[in-house]
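A.B. asks: The structure's right below; bear with me while I get my questions together.
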Amino acid sequence: MSLYRLTISEARDLLLKREITVQDIVSSIFTRIDALEKKVSAFLTLTKDEAFRGAEDAQKRIDRGENKSLLGIPFAVKDNMCTRNIRTTCASKILHNFVPPYESTATTRLSAEGSVLIGKTNMDEFAMGSSTENSGVQITKNPWDLERIPGGSSGGSAAAVAADECIAALGSDTGGSIRQPASFCGVVGLKPTYGRVSRYGLVAFASSLDQIGTITKNVRDSAIIMNAIAGHDPCDSTSAPLPVPDFTAVLGRDIRGMRIGIPKEYFIEGMDREVEQAVKEAIRHLESAGAVPVEISLPHTEYAIATYYIIATSEASSNLARYDGVKYGLRNEGKDLMDMYVSTRARGFGAEVKRRIMLGTYALSSGYYDAYYKKSQQVRTLIKKDFEDAFRTVDVLITPTAPTPAFRIGEKTSDPLQMYLSDIFTISVNLAGVPALSVPCGFTSGNLPVGLQIIGKHFDEEALFRIAYAYEQGTEWRMRKPAL
Amino acid sequence: MANEETGLMKYEAVIGLEVHAQMRTDTKIFCGCSTLFGSEPNSQTCPVCIGMPGVLPVLNKKALGFAIRTGLATDCTISPYSRFARKNYFYPDLPKGYQISQYELPICEHGQIEILVDGQAGKIGITRIHMEEDAGKNIHEGTGDFSFVDLNRAGVPLMEIVSEPDLRSPQEAVAYMKKLRTILIYLGVCDGNMEQGSLRCDANISVRPVGRQEFGVKVEIKNLNSFRFVEKALEYEIKRQRKVIEEGGKIIQETRLWDSGSGVTESMRGKEEAHDYRYFPEPDLVPMTVDPAWINEIQSSLPELPDAKRERFVSEYGLPEADADLLTSEKPLSEWFEDAVKTGGGPKTVANWIMGDLMKLLNAENKTIEECPLQPHQLVDMLKLVENGTISGKIAKTVFEEIFRTGKNAGAIIQEQGLVQISDAGEIEKIVDEIIANHAKEAERFKAGEEKLMGFFVGQVMKLTKGKANPQVVNELLKKNLLS
């Protein structure tokens, strides 16, 4: 049996029945990694020794009769979540040697449930990008077609899950960075409601948009992880002091009568025909399962990208100011302070990060603040209101996750605007702060996965899980695996 | 009002102060590190105040309470909705590359305090009070080719108290700052220690011809960390600006630095080089909505403030205005006074002892009233001994000094040193007669009408009795026996 293929629930089952040990799974994962990593390049750091030590410990706990939800499950974590004593680089040269002295809340909670970290995954530098090509270290390949990008910025996590190089992974999503790569890699990606999962220890890109979420082989695994990581954290003032339901409880509940909104602005001229077809087919499937499609409008959708690229870059310009060569990370000695600042940042940051820092600095400058940042916040309020209005009549919204399937490596790197447009369906969700999930809904003729995006009300991840699970179990897309 | 006369034109200064007060909280404003002054460099730091990637601030509620307390004590409106903002600039002592401060929605606004200059009372407006975090400290001395950074102070909570441009002279500015310091200490929100930098001040100053309504071009002076520096720097700046104008020049808007060594202000940066701080709302902290019940609770816990106390000292104890003003200028001093009065001291007598002998002794030993070794009840005990004739008022001064030095009670000192007053008429008469006999010539002259010789005889008696003879009895007996 290829243990690396297991999902969380399957692995837990076999572990509890004592049919396999944690070491068995971890060995299988590392064998798989050894075989594939040269092709896929999903990981920036592998923590093999720690993983085997963790496996031994987890197995002892299982033998003692402990029954934590993730006990013994090998995880991959995007390299922008701080892991104590394990290098955390954000795929940036400026943090190439940064070893955090503290642990993020999300990974602390994973460990508390007994998970085993196997490595840190590649990403677009500081999570800025949609293809993982902006990594300062390496290019990750899409397991379905090694000539193509895995999406981004959580491309490493999505590729690792798709290639069975881990059982499940954490990613982060600021404008689609979990959902879009999940869609491109044929796995399940959840961006929870802003405030649902603590951001403490997540290296900030855009603080008001960033959210940690899951990348998994199926919907149930996502719900299981969410049970572990969701909930208020006193270290994150923006995390919601709300009770967390058992997200697995809604799995299997039928979706009869659920109203699914189809926003007309999300089916646009120029989108990939096969993607459109797959999504429309999925909607028909949901309808046949008893859901009620309703066409609705999110009228301010066309302003989402512009709004996003002002707010996200403004916050980023400030969040990335701390990388100055003084305290940690890269330092380029200079003849004076200014020289050190300039040369450190010139060398440490890649082109896209610099571009965004400049955009954000400009947008916040005195004299421009009102026209850009302030205006964007006003438009953001309107976009939020679009969703509130929509959710007065529907339970969830259904859209494509991305307008196209995975594109070729290098295809969009010379045109940042084209790259930004690949997030056109995911960005509004972050601006509104609502939760959304991408679930595989088919393949193109070229055997590239297509993702279906399900968007919910604030703190109603349960509706997403309910619909996604019903759809996933009613179709067979999850059975397909990339030929690696 | 210090109008500067120059030829035919009279000028007046327009001054506003920005006072930074360190709040007396045990822990920093956004993390749990200690705020203790003077520890080993960087010993009071954590990932949050060092500005590690991924950390988030959490507001210290005590700091918010202190700011509200200060606002209420200075007649401010407490904003029901307030938020933090980021002030962006690069400096090694600023670990995040931005300072968390307040900008658009400060916690307190529209207050005022009363000052007294040359017996004239006046109200000085307070524009706003906002909270912010302190920066660390760069260390350049004794560090070779490098500079070091100590982040112990980074994140210590500050209040910035901004006055209206209501001050018209350096004297008023000093009076304002002194009054503010007194209030802060009364409130227990700041220790007022200027040497340790707990209270620092920047000044905005312009001059204009008397009678003109518009303000002149203002200059900001930084680094005023003592009352004397405030006064000296403002005096210098008024002269400098007047001279520039008189010589037909123009004041340029700039930031100047007070150099206490040379006693001049020097240009630090002009308007063109002024920082663009790119303020924007801090996305890592949620806006504050302050519960009115909490405001009421703080209001009812406010101590009696200096103005009210001064008025009460006049009405309740019948003290002259000047005495009351001095005694209430420091809270511990006023408490020392009241303790003494409560244990039975006459108010005016106690006030005289404090303002005279006690202040002299404290100053001589460079001690504050809190470090005073002499307790209020010890003064009162001594005063009772004066009242009942055990010691003379003159001897009391010696006894007082002795209590101050040894901490012993008056009774014990009098016993040990044999300082009990001789009031026994028989005993004194013997001495008086002896002296008259020994100074027959002087006695004759006295009889002949040379009354000023009385002093000579009293002196002789005191010399012989080491000052212990009851002066009243000595006087009576001398008069009687000299003339008999």
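A.B. asks: Could you count how many residues in the stretch A:401-423 are crowded, with 23+ Cβ neighbours inside 10 Å and under 12 Å from A:Gly176 (Cα atoms)?
C.D. replies: Matching residues across the stretch A:401-423 total 4.
A.B. asks: If I filter the stretch B:32-53 for residues that are touching a residue at least 60 places away in the same chain (Cβ under 8 Å), within 22 Å of B:Ala293 (Cα to Cα) and in contact with a Ser or Thr (Cβ under 6 Å, 6 or more places away or on another chain), do I get at least one hit?
C.D. replies: No, every residue in the stretch B:32-53 fails to be touching a residue at least 60 places away in the same chain (Cβ under 8 Å), within 22 Å of B:Ala293 (Cα to Cα) and in contact with a Ser or Thr (Cβ under 6 Å, 6 or more places away or on another chain).
A.B. asks: Tell me, which residue of the stretch B:155-207 that is among the acidic types (Asp, Glu) and farther than 30 Å from B:Ser43 by Cα is surrounded by the most Cβ atoms within 10 Å (Cβ to Cβ)?
C.D. replies: Restricting attention to the stretch B:155-207, the residues satisfying the condition of being among the acidic types (Asp, Glu) are B:160, B:164, B:166, B:172, B:191, B:195, B:202.
Filter once more, so that each one left must be farther than 30 Å from B:Ser43 by Cα: B:164, B:166, B:172.
Details: B:Glu164: 16, B:Asp166: 19, B:Glu172: 22.
Among residues in the stretch B:155-207 that are among the acidic types (Asp, Glu) and farther than 30 Å from B:Ser43 by Cα, the one surrounded by the most Cβ atoms within 10 Å (Cβ to Cβ) is B:Glu172.
A.B. asks: A:Leu320 passes all but one of (1) within 14 Å of chain B (Cβ to nearest Cβ); (2) of a type outside the set (S, T, N, Q); (3) touching a Ser or Thr at 6+ places or on another chain (Cβ under 6 Å); which number fails?
C.D. replies: Among (1) within 14 Å of chain B (Cβ to nearest Cβ); (2) of a type outside the set (S, T, N, Q); (3) touching a Ser or Thr at 6+ places or on another chain (Cβ under 6 Å), the lone unmet condition for A:Leu320 is (3).
A.B. asks: Any residue in the stretch B:285-301 that's within 14 Å of chain A (Cβ to nearest Cβ) and within 29 Å of A:Ser208 (Cα to Cα): show its pairings with residues that are at pLDDT below 95 and not in a strand (DSSP E or B) at Cβ separation under 7 Å, as long as the two are six or more apart or on different chains.
C.D. replies: B:Thr289/B:Pro80
A.B. asks: While we're on this one: Within the stretch A:426-466, track down each residue that is out of contact with any helix residue (DSSP H, G or I) (no Cβ under 7 Å at 6 or more places or on another chain) and of a type in the set (A, V, I, L, M, F, W, C).
C.D. replies: Once the filter is applied, which keeps residues that are out of contact with any helix residue (DSSP H, G or I) (no Cβ under 7 Å at 6 or more places or on another chain) and of a type in the set (A, V, I, L, M, F, W, C), the stretch A:426-466 yields A:Val429, A:Phe443, A:Leu448, A:Phe459, A:Ala463, A:Leu464.
A.B. asks: Kindly indicate whether any position in the stretch A:374-381 is crowded, with 23+ Cβ neighbours inside 10 Å, modelled with pLDDT of 95 or more and among the aliphatic types (A, V, I, L, M).
C.D. replies: Looking for residues that are crowded, with 23+ Cβ neighbours inside 10 Å, modelled with pLDDT of 95 or more and among the aliphatic types (A, V, I, L, M), one finds none in the stretch A:374-381, hence no.
A.B. asks: Scanning for something over 30 Å from B:Cys46 (Cβ atoms), at pLDDT 95 or above and either in contact with a strand residue (DSSP E or B) (Cβ under 6 Å, 6 or more places away or on another chain) or more than 14 Å from chain B (Cβ to nearest Cβ) (or both), does the stretch A:357-371 turn up at least one residue?
C.D. replies: no
A.B. asks: A further question on this structure: Take B:Ile354 and decide whether it is in contact with a Gly (Cβ under 7 Å, 6 or more places away or on another chain), part of a helix (DSSP H, G or I) and either of a type in the set (Val, Ile, Thr) or not assigned by TED's automatic domain parsing to the domain that holds B:Ile68 (or both).
C.D. replies: Taking the combined requirement at face value, the residue does not satisfy it.
A.B. asks: Something else about it: Based on what the data block shows, is A:Thr174 polar (S, T, N, Q), within 14 Å of chain B (Cβ to nearest Cβ), within 14 Å of the chain's Cα centre (by Cα) and buried (at least 24 other Cβ atoms within 10 Å of the Cβ)? Reasoning before the result, please.
C.D. replies: Numbers: polar (S, T, N, Q): yes; within 14 Å of chain B (Cβ to nearest Cβ): yes; within 14 Å of the chain's Cα centre (by Cα): yes; buried (at least 24 other Cβ atoms within 10 Å of the Cβ): yes.
It is true that A:Thr174 is polar (S, T, N, Q), within 14 Å of chain B (Cβ to nearest Cβ), within 14 Å of the chain's Cα centre (by Cα) and buried (at least 24 other Cβ atoms within 10 Å of the Cβ).
A.B. asks: Oh, and also: Quick one: count up the residues across the stretch B:244-267 that are under 33 Å from the mean Cα position of the chain (by Cα) and more than 25 Å from A:Tyr369 (Cβ to Cβ).
C.D. replies: 12
A.B. asks: Let me confirm something: among A:Val250, A:Val342, which residue is of a type outside the set (Lys, Arg) and either under 22 Å from the mean Cα position of the chain (by Cα) or away from chain B (no Cβ under 14 Å) (or both)?
C.D. replies: A:Val250
A.B. asks: Filter the stretch B:233-280 for residues that are in contact with a Phe, Trp or Tyr (Cβ under 8 Å, 6 or more places away or on another chain) and charged (D, E, K, R); which is nearest to B:Tyr98 (Cα to Cα)?
C.D. replies: B:Arg278
A.B. asks: Now, a different point. In this structure, is A:Thr83 buried (at least 20 other Cβ atoms within 10 Å of the Cβ) and within 23 Å of A:Asn227 (Cβ to Cβ)?
C.D. replies: Here the answer is yes, as A:Thr83 does meet what is asked.
A.B. asks: Something else now. Suppose we filter A:Pro449, A:Pro435, A:Pro416, A:Pro440 for residues that are on the phi < 0 side of the Ramachandran plot and more than 19 Å from the chain's Cα centre (by Cα); which single one remains?
C.D. replies: A:Pro416
A.B. asks: Hey, A:Tyr303 hits all of (1) more than 11 Å from chain B (Cβ to nearest Cβ); (2) surrounded by fewer than 22 Cβ atoms within 10 Å (Cβ to Cβ); (3) assigned to a loop (DSSP other than H, G, I, E, B) but one; which does it fall short on?
C.D. replies: (3)
A.B. asks: So, one more: Determine whether the stretch B:26-45 contains at least one residue that is among the aromatic types (Phe, Trp, Tyr), within 11 Å of chain A (Cβ to nearest Cβ) and over 27 Å from the mean Cα position of the chain (by Cα).
C.D. replies: Among the residues of the stretch B:26-45, at least one is among the aromatic types (Phe, Trp, Tyr), within 11 Å of chain A (Cβ to nearest Cβ) and over 27 Å from the mean Cα position of the chain (by Cα), which makes the answer yes.
A.B. asks: Still on this structure: Which of the residues spanning the stretch B:257-296 are acidic (Asp, Glu) and surrounded by fewer than 17 Cβ atoms within 10 Å (Cβ to Cβ)?
C.D. replies: Result: B:Asp259, B:Glu266, B:Glu272, B:Glu273, B:Asp276, B:Asp291.
A.B. asks: Separate question: Among the strands (runs of 3 or more DSSP E) lying completely within the stretch B:49-139, list those that include at least 2 residues that are modelled with pLDDT of 95 or more, surrounded by 21 or more Cβ atoms within 10 Å (Cβ to Cβ) and within 10 Å of another protein chain (Cβ to nearest Cβ).
C.D. replies: B:85-88
A.B. asks: OK, next. What is the one condition in (1) over 26 Å from A:Ala249 (Cβ atoms); (2) away from chain B (no Cβ under 14 Å); (3) in contact with a helix residue (DSSP H, G or I) (Cβ under 6 Å, 6 or more places away or on another chain) that A:Leu209 does not satisfy?
C.D. replies: Going through (1) over 26 Å from A:Ala249 (Cβ atoms); (2) away from chain B (no Cβ under 14 Å); (3) in contact with a helix residue (DSSP H, G or I) (Cβ under 6 Å, 6 or more places away or on another chain) one by one, A:Leu209 breaks only (2).
A.B. asks: To continue, here is another question. Please state which of the following conditions B:Arg181 fails to meet, knowing it meets all the rest: (1) under 30 Å from B:Ile298 (Cβ atoms); (2) touching a Phe, Trp or Tyr at 6+ places or on another chain (Cβ under 6 Å).
C.D. replies: (2)
A.B. asks: Also, I was wondering about something else. Identify the residue in the stretch A:47-69 that is surrounded by fewer than 20 Cβ atoms within 10 Å (Cβ to Cβ) and within 28 Å of the chain's Cα centre (by Cα) and, among all such residues, is nearest to A:Asp164 (Cα to Cα).
C.D. replies: Looking at the filtered set, the residue picked out is A:Lys48.
A.B. asks: Based on what the data block shows, is A:Glu113 out of contact with any strand residue (DSSP E or B) (no Cβ under 6 Å at 6 or more places or on another chain), touching a residue at least 60 places away in the same chain (Cβ under 8 Å) and acidic (Asp, Glu)? Lay out the reasoning, then the answer.
C.D. replies: Details: out of contact with any strand residue (DSSP E or B) (no Cβ under 6 Å at 6 or more places or on another chain): yes; touching a residue at least 60 places away in the same chain (Cβ under 8 Å): yes; acidic (Asp, Glu): yes.
In short, yes.
A.B. asks: A further question on this structure: Which condition does A:Ile94 not pass, out of (1) over 18 Å from the mean Cα position of the chain (by Cα); (2) within 13 Å of another protein chain (Cβ to nearest Cβ); (3) part of a loop (DSSP other than H, G, I, E, B); (4) not basic (Lys, Arg), if it passes all the others?
C.D. replies: Condition (3) is where A:Ile94 drops out.
A.B. asks: B:Glu231: more than 14 Å from chain A (Cβ to nearest Cβ), modelled with pLDDT of 90 or more and closer than 30 Å to B:Cys76 by Cα, yes or no? Explain how you work it out, then say what you get.
C.D. replies: Numbers: more than 14 Å from chain A (Cβ to nearest Cβ): yes; modelled with pLDDT of 90 or more: yes; closer than 30 Å to B:Cys76 by Cα: yes.
Yes, satisfied.
A.B. asks: Here are A:Met358, A:Met338: which of them is over 19 Å from A:Thr313 (Cα atoms) and either aliphatic (A, V, I, L, M) or touching a Gly at 6+ places or on another chain (Cβ under 8 Å) (or both)?
C.D. replies: Of A:Met358, A:Met338, the one residue that is over 19 Å from A:Thr313 (Cα atoms) and either aliphatic (A, V, I, L, M) or touching a Gly at 6+ places or on another chain (Cβ under 8 Å) (or both) is A:Met338.
A.B. asks: While we're on this one: Going through the stretch A:372-381 one residue at a time, which ones are within 11 Å of another protein chain (Cβ to nearest Cβ) and either touching a strand residue (DSSP E or B) at 6+ places or on another chain (Cβ under 8 Å) or free of Cβ contacts under 8 Å to residues at least 24 places away in the same chain (or both)? Walk me through it before giving the result.
C.D. replies: Filtering the stretch A:372-381 for residues within 11 Å of another protein chain (Cβ to nearest Cβ) gives A:372-374, A:376-377.
Selection gives A:Tyr373, A:Lys374.
A.B. asks: While we're here: Quick test of your reading of the structure: A:Pro150 fulfils all but one of (1) away from every other protein chain (no Cβ under 14 Å); (2) closer than 15 Å to A:Thr214 by Cβ. Name the failing condition by number.
C.D. replies: (2)
The values are calculated or read from the model by the stated rules, or taken from the named source; none is laboratory data. All figures in this text were calculated on a predicted structure; none of them were measured in a lab. Cβ coordinates were reconstructed from backbone atoms using ideal geometry, including for glycine residues, and neighbour counts include every protein chain displayed.
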